[in-house]
Amino acid sequence: MTKEHETFSAELLATCLSHYDLGIIKGIRKFPAGSRRAPKVIIKSEKGSFLFKRRTQGRDLQAKVAFTHQLQLHLAAQNFPLPHLIGTRDTNNSMLIFEDHIYEMFEYIKGKGYDSSLDATFNAGRILGLYHKLLADFHSDYTPPTGSYHNAPAIHQAIGKTVGSLPIDSRPSGDEVPATVKRIEETYAHCAEQVEQIGLPDWPTQIVHGDWHPGNMLFRDRHVVAVIDYDAARVQQRVIDFANGALQFSILGGGDDPTGWPEYVDVTRFKRFMLGYDSVNVITKLEMQCVPHLMCEAMIAEGVLPIAATGSFGRIQGYPFLTMVLRKVNWIQKNVTELSSVLDD
């Protein structure tokens, strides 16, 4: 049974909105997107359309929110496509703090989801390249996190926990499950070692997005008109960010049965994403050598973390999902040379 999204009471909403200069309000409607624990409404007023939201507990550390707002304000000042933050009436503060909760007001931007077209894929890569370029020298008093999916102790631990987390009635008997998990662990370790040998630890770090995937952007005419969700922003080598982005925009799924998903990635979309990034922020040959290995690490990390915790990947049973991940990372490893040379033409 799907749980309902939390909502604002009329009294609370009126109190919060009194802190903003929106002019005459013409209409308010619920916006049941994202976390159900973060109530959101679309407000239409004489000054435009706005999205008002309350942050969920766990994502409401004031220092962290202030940091993400610094990023967004910095990007907005350079015409990066994102929903602009709206300041409060009296102090122009991008955060409204009321009764121990943090509230945010954004301009509301209309757009569509990713349509898998090559133009949209190119532009998704281009905008990530622009994001990195605009934030290359960004500094803040706040110390962002530095962890990632690359060679992370938490991922190694999660892989080890997957065997015990899988429900008995949904997994094969015998040694098949431990053997599959062992191959996943070996692949993850091998890919991490390859990346380290290429030289990643010695490369400069900067602010990255940390969660570059189709669900975090809006498109219009196959151009990115808004990038959202900056909560995963952190300090890493930029290749860790665009390798995951390349995976997210080239991976192929299909339905609730992952055993039927293709093992390959869409190489054409992969190339378009990388070309888009490279068109504004040149990718080095060594970074390209890392990309396929990092894609494997990212895919393994994304799969094993929820499975280790719950035994499943959303609605999908855990073990079939793990076998799909193994097929895909094996394909990538067999095609490292092709993938790492797509910019050589």
Legend entry - Hits in the range 1-29 (condition: under 24 Å from the mean Cα position of the chain (by Cα) and of a type outside the set (Asp, Glu)): Thr2, Lys3, His5
Inset, instruction - Filter the range 22-66 for residues that are surrounded by fewer than 13 Cβ atoms within 10 Å (Cβ to Cβ) and basic (Lys, Arg) and give the result. - result: Lys26, Arg29, Lys30
Legend entry - Failed item in (1) modelled with pLDDT under 95; (2) closer than 28 Å to Gln317 by Cβ; (3) of a type outside the set (D, E, K, R), with His190 passing the rest: (1)
Legend entry - Spans of strands (runs of 3 or more DSSP E) in the range 1-119 with at least 3 residues under 27 Å from Phe138 (Cβ atoms): 48-54, 101-107
Inset, instruction - Evaluate the range 125-135: report whether one residue or more is surrounded by 19 or more Cβ atoms within 10 Å (Cβ to Cβ), closer than 28 Å to Ser250 by Cα, under 21 Å from the mean Cα position of the chain (by Cα) and of a type in the set (Ser, Thr, Tyr). - result: yes
Legend entry - Candidate set from the range 52-106 (those that are under 23 Å from the mean Cα position of the chain (by Cα) and acidic (Asp, Glu)); member that is nearest to Pro145 (Cα to Cα): Asp60
Legend entry - Selection from the range 227-255 of residues that are exposed (fewer than 15 other Cβ atoms within 10 Å of the Cβ) and closer than 15 Å to Leu339 by Cβ: Leu252
Inset, instruction - Output the qualifying pairs, or none if there are none: Cβ atoms under 6 angstrom, residues six or more apart or on different chains, first residue in the range 42-53 and in the same structural domain as Leu96 (by TED's automatic domain parsing) and in contact (Cβ under 8 Å) with a residue 40 or more places away in the chain, second residue surrounded by fewer than 19 Cβ atoms within 10 Å (Cβ to Cβ) and not in a strand (DSSP E or B). - result: Ile42/Phe31; Ile42/Tyr108; Ser49/Tyr108; Phe50/Tyr108; Leu51/Tyr108; Lys53/Ala38
Inset, instruction - Can you confirm whether the range 256-265 contains a residue that is among the small types (Gly, Ala, Ser), surrounded by fewer than 20 Cβ atoms within 10 Å (Cβ to Cβ) and closer than 27 Å to Gly199 by Cβ? - result: no
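Condition check: of a type in the set (A, V, I, L, M), within 14 Å of the chain's Cα centre (by Cα) and assigned to a helix (DSSP H, G or I). Does Ala243 satisfy that?
Working: of a type in the set (A, V, I, L, M): yes; within 14 Å of the chain's Cα centre (by Cα): yes; assigned to a helix (DSSP H, G or I): yes.
Considered against the rule, which asks whether it is of a type in the set (A, V, I, L, M), within 14 Å of the chain's Cα centre (by Cα) and assigned to a helix (DSSP H, G or I), Ala243 comes out as yes.
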Inset, instruction - Residues being among the aliphatic types (A, V, I, L, M), within 18 Å of Arg126 (Cβ to Cβ) and surrounded by 12 or more Cβ atoms within 10 Å (Cβ to Cβ): count how many of those fall in the range 266-282. - result: 3
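The values are calculated or read from the model by the stated rules, or taken from the named source; none is laboratory data. All of these numbers come straight from a predicted model, not from anything done at the bench. Here the Cβ is made from the backbone with ideal geometry for all residues, glycine too, and neighbour counts use every protein chain on show.
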